[in-house]
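I have placed the structure first, in the form of structure tokens, so that the comments after it can refer back to it.
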Amino acid sequence: MIEVKGARKNSEALPFLNRIGLVERTERQTELQSRLQEARHIVQRRAMIEATGVHKSFGALPILKGIDLTVEEKELAFIIGPSGSGKSTFLRCLNRLEEPNSGAIIVDGVDILARTTNINAVRRRIGMVFQSFNLYPHMTAQKNVSLALRKVLRLPRREADERAMHALDRVQLAHKAKSYPSELSGGQQQRVAIARSIALEPRVMLFDEPTSALDPELVGSVLKVMRGLREEGMTMVVVSHEMAFARQAADKVIFMDHGRIVEQGTPEDIFSHSQSERTRTFLNQMER
Amino acid sequence: MSSWELALDSFFNLSVARDVLPTILKACWLTVYLSLFIIVTGIACGLALALLRAFGIRSVNFFIVLYADFFRTVPPLVLICLLYFGLPGAGLSISGFACAWLALSLILAAYSEESFWAGIAATNRGQWEAGRSTGLTKFQTLLHIILPQAAKVAIAPLTSRTIAIAKGTSYASVVAVPEILGAAQSELSVTYNATPLVMAAVAYCIIFIPVVAAGRYIEQRFQWSAR
């Protein structure tokens, strides 16, 4: 009873306090708060991926000869380069599907190569989309998406199914939830694969030639979903030959050749004012 | 009696049939549960070995391959005799039933390990990568993603092999197990008539046709998508 009375007193007291000059203080507080938020935002737009000196060999064959790359939060980094340049291998090092021989990779503040790092916990924060989709052929689209929700996030079945439906809805495939991969077109399969990744709410998405296995008329639907993700502020690293998409959507374009980064910059820097002869030769070949 | 009547009397003698029917039925029951024991332990052990092999520990895999190769090479009858007549020498005496169960289970485990392993090895590497990239552990990926696809590949060789080995329960007659063939043979020596053997053949058909049908049903169930 006493507590209730006290509470009532406080709520009656507030307008009174405001009247005697506390209003200015709260206004000042809000201003300070918004400044603080701004500052935090600048700090928060930090490096999401920091790779330094990444080396990788397959047997005696060197594939990556020291890659340094920083991808900032909410950035779309686009890696281009001739086949065999090591771009896919580098991408696969970022979630340790390939184990680098040396170097350091920090993703979202976690040293993913450290012995003490639980790689499975890290991987659920790093989505990956493959050239060949790699959907599970024995499961419906919905089950493809909900499997990791249930087994990794340990969500109950109903909740996992709901979240899977939501993810499928985001790639405009809610109506295909009960279809098996073999009943879907390539573009639809790739969008289910994207849904499978985004359902886990990753901090970073890696795309390994996501449209290379698609018929030309299906490429657009996948790129549209990727554009949507970018607009929502997803940090993305894309290995692809879709130059038009890179020009339009990338924040940073990286040209790789023979296991090294030759050049990186804005799409404008790379596509129009390239400093490197090798980059220009490659881009000319792509246009042909 | 004409030769036709002689044959009829020798193979399809109704009075003999009536007399030996209870023995044959009892033997059928023994064959059924000996087979079931062998199928369960053999396939379970084979599956466990194949899963273990998928972890790619070189020293462990060496022994799994050695095991599979040995037990796929040695004839079932030799193995049964070896256990039945050999083990007592080592101070370990087990019944004929247990010998048959152990020997055939070991052999079925070897074959089913190879079938499951072939399925696991045939599954696209991208399936592993997709599972692992979502944070599933190696074992979770194996269990939920790889194994169902491997089983689809393994199911056809596995059913035919399972049937072949379950029929191998007839070898147990050699070590005094009164399964169908054993029972029929001992009745034969009492009646001097082949009718019990005919009944044995029919009994095997009756028992194993459902197994073949079950195999076919399982194969169809594993066709998860229209191809």
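The values are calculated or read from the model by the stated rules, or taken from the named source; none is laboratory data. Computed from a predicted model, the values in this text were never measured in an experiment. Note that each Cβ is placed from the backbone with ideal geometry, even for glycine, and that neighbours are counted across all protein chains shown.
Observations on the structure shown:
- Residues that are over 22 Å from the mean Cα position of the chain (by Cα) and of a type outside the set (A, V, I, L, M, F, W, C), drawn from the stretch A:54-84: A:55, A:56, A:57, A:59, A:62, A:65, A:66, A:82, A:83, A:84
- So residue B:215, is it assigned to a helix (DSSP H, G or I), crowded, with 16+ Cβ neighbours inside 10 Å, out of contact with any strand residue (DSSP E or B) (no Cβ under 8 Å at 6 or more places or on another chain) and modelled with pLDDT under 85: yes
- Enumerated helices (runs of 4 or more DSSP H) restricted to the stretch A:65-155, each holding at least 1 residues that are small (Gly, Ala, Ser) and within 9 Å of chain B (Cβ to nearest Cβ): A:119-123, A:141-151
- Looking only at residues in the stretch A:166-185 that are in a helix (DSSP H, G or I) and within 16 Å of residue A:136 (Cβ to Cβ), the one that is nearest to the other protein chains (Cβ to nearest Cβ) is A:182.
- Residue A:212 falls short of the stated requirement of being closer than 13 Å to residue A:129 by Cβ, small (Gly, Ala, Ser) and modelled with pLDDT of 95 or more.
- Residue match in the stretch B:179-202 (condition: modelled with pLDDT under 85 and more than 30 Å from residue A:200 (Cβ to Cβ)): no
- Residue count, the stretch B:132-173 (criterion: buried (at least 23 other Cβ atoms within 10 Å of the Cβ), part of a helix (DSSP H, G or I) and facing chain A (nearest Cβ under 8 Å)): 2
Table: residues versus (1) of a type outside the set (A, V, I, L, M); (2) at pLDDT 95 or above.
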site: A:160; (1), (2): no, yes
site: A:189; (1), (2): yes, yes
site: A:208; (1), (2): yes, yes
site: A:216; (1), (2): yes, no
site: A:235; (1), (2): yes, yes
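- Of all residues in the stretch A:78-100, those that are surrounded by fewer than 24 Cβ atoms within 10 Å (Cβ to Cβ) have Cβ atoms under 8 Å from Cβ atoms of residues that are assigned to a helix (DSSP H, G or I) and among the β-branched types (Val, Ile, Thr), 6 or more apart or on another chain, in A:96/A:119; A:96/A:122; A:98/A:89.
For (1) part of a loop (DSSP other than H, G, I, E, B); (2) exposed (fewer than 15 other Cβ atoms within 10 Å of the Cβ); (3) touching a strand residue (DSSP E or B) at 6+ places or on another chain (Cβ under 6 Å); (4) in contact (Cβ under 8 Å) with a residue 12 or more places away in the chain, each residue gets a yes or a no:
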{"residue": "B:56", "(1), (2), (3), (4)": "yes, yes, no, no"}
{"residue": "B:64", "(1), (2), (3), (4)": "no, no, no, yes"}
{"residue": "B:72", "(1), (2), (3), (4)": "no, yes, no, yes"}
{"residue": "B:78", "(1), (2), (3), (4)": "no, yes, no, no"}
{"residue": "B:83", "(1), (2), (3), (4)": "no, no, no, yes"}
{"residue": "B:86", "(1), (2), (3), (4)": "no, yes, no, no"}
{"residue": "B:89", "(1), (2), (3), (4)": "no, yes, no, no"}
{"residue": "B:92", "(1), (2), (3), (4)": "yes, yes, no, no"}
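- The set of residues in the stretch B:116-131 that are more than 7 Å from chain A (Cβ to nearest Cβ) and of a type in the set (D, E, K, R) contains only B:125.
- Yes/no for residue A:199 being at pLDDT 95 or above, within 11 Å of chain B (Cβ to nearest Cβ) and under 19 Å from the mean Cα position of the chain (by Cα): yes
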